Amino acid sequence: MKSKKRKIFNWIKIIVFLYCSIGIALYYLQEKFLFHPTPLPASHVFHFPGKFNEMTIPINAKDNISMVRFLPDSGASRGVVLFFHGNRGNVERYAKYAPMFTQKGYECWITDYPGFGKSTGNRSEKALYEQAYQIYRLAKSKFGMDSIIIYGKSFGTGIASFLASETKPRLLILETPYRSIPSLFGYYAFIYPVNAMVTYKLPVEEYLQDIKIPVVIFHGTDDGVIPYGYAKKLQPYLKPGDQFVTIEAGSHHNLAGYPKYKAVMDSLLR
């Protein structure tokens with residue numbers, strides 16, 4: 001009997017140790033889990049098809065935002081799409097999405113977050129919001145508010161939703177959004193008090209309640225990163241007239257290749 005109790009006690013100690021160890025790792029390594037940047041030296045030369053120009057926007061005396069403006073091939077710009085990308089790589093990973101907008105006559109501005117590409121500075125939720133607002137102010141100085149579209153992809157949907165809740169652009173488009181970073185962590189690590197552990201919040205579901213402009217959400221049913229059923233819980237926060245577009249068999253990375261996505265985007269950019 002004593003031997004059996006000792007074995008049970010030892011197993012409990014092992015389970016508690018593993019639980020605590022994994023929890024500590026989640027807390028201290030959350031930046032590593034959340035962000036996978038590819039930095040670039042300031043001397044790096046971009047090579048993209050089509051017309052573009054690179055902008056370096058100073059934040060303070062030593063830090064800056066790196067942004068690439070993808071331009072329509074001909075004619076005056078109809079407007080601008082502010083594209084907030086995912087949590088991997090840099091602008092070179094997401095440049096392939098720009099032609100979807102430039103071919104319709106829109107500029108597409110893709111900015112890198114601090115530590116991504118050539119952007120420098122300390123990364124925090126506040127810094128991401130301030131950077132987004134700075135880019136919006138720049139766009140507003142060149143275009144009317146009814147010519148500005150905010151587009152968020154994956155991680156960028158939190159930043160895009162914040163910006164749309166604070167401003168009045170023409171439209172907000174979210175591709176594969178999450179509800180919030182704590183709730184997404186909690187989906188995978190449900191046995192931990194993630195609300196208290198996770199530094200970044202980016203509460204898309206809260207921001208949606210404050211957004212007055214039209215909202216369109218795209219999500220695939222086979223998304224293995226942000227599950228469809230989880231993202232579907234954002235639908236109650238949409239207004240009458242907003243759209244939640246389901247892409248059957250679409251994954252986290254390939255929605256732009258589906259006819260339904262292209263048809264809806266064509267109608268939005270027409």
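The values are calculated or read from the model by the stated rules, or taken from the named source; none is laboratory data. All values reported here derive from a predicted model rather than from experimental measurement. No Cβ is skipped: glycine too gets one built from the backbone with ideal geometry, and neighbour counts run over all protein chains shown.
Quick look at the values:
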| read-out | value |
| --- | --- |
| Verdict on ARG123 being surrounded by fewer than 21 Cβ atoms within 10 Å (Cβ to Cβ), of a type in the set (D, E, K, R) and either without any contact (Cβ under 8 Å) to a residue 12 or more places away in the chain or farther than 22 Å from GLY50 by Cβ (or both) | yes |
| Residue match in the range 215-233 (condition: buried (at least 16 other Cβ atoms within 10 Å of the Cβ), under 27 Å from ILE148 (Cβ atoms) and more than 18 Å from the chain's Cα centre (by Cα)) | no |
| Residues that are assigned to a helix (DSSP H, G or I) and of a type in the set (S, T, N, Q), drawn from the range 104-135 | GLN131, GLN134 |
| Residue among GLY156, GLY152 that alone is of a type outside the set (A, V, I, L, M, F, W, C), out of contact with any Ser or Thr (no Cβ under 8 Å at 6 or more places or on another chain), touching a residue at least 60 places away in the same chain (Cβ under 8 Å) and buried (at least 19 other Cβ atoms within 10 Å of the Cβ) | GLY156 |
| Subset tally (residues that are loosely packed, with under 15 Cβ neighbours inside 10 Å and either among the small types (Gly, Ala, Ser) or outside the structural domain of TYR94 (by TED's automatic domain parsing) (or both)) for the range 252-265 | 2 |
| Residue match in the range 240-255 (condition: in a loop (DSSP other than H, G, I, E, B), within 18 Å of LYS104 (Cα to Cα) and not hydroxyl-bearing (Ser, Thr, Tyr)) | no |
| Of all residues making up the range 33-62, the number that are surrounded by 14 or more Cβ atoms within 10 Å (Cβ to Cβ) and of a type in the set (D, E, K, R) | 1 |
| Yes/no for PHE84 being buried (at least 19 other Cβ atoms within 10 Å of the Cβ), within 16 Å of LEU34 (Cβ to Cβ) and not hydroxyl-bearing (Ser, Thr, Tyr) | yes |
| Check on ILE22, modelled with pLDDT of 85 or more and out of contact with any Cys (no Cβ under 9 Å at 6 or more places or on another chain) | no |
| Scan of the range 87-120 for residues that are of a type in the set (Gly, Ala, Ser) and crowded, with 19+ Cβ neighbours inside 10 Å, ordered by number | ALA95, ALA98, GLY117, SER119 |
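For every residue, the table says whether it meets (1) of a type in the set (S, T, N, Q); (2) touching a Leu at 6+ places or on another chain (Cβ under 6 Å); (3) assigned to a helix (DSSP H, G or I).
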residue	(1), (2), (3)
ARG137	no, no, yes
ILE150	no, yes, no
ALA160	no, no, yes
LEU172	no, no, no
PRO182	no, no, yes
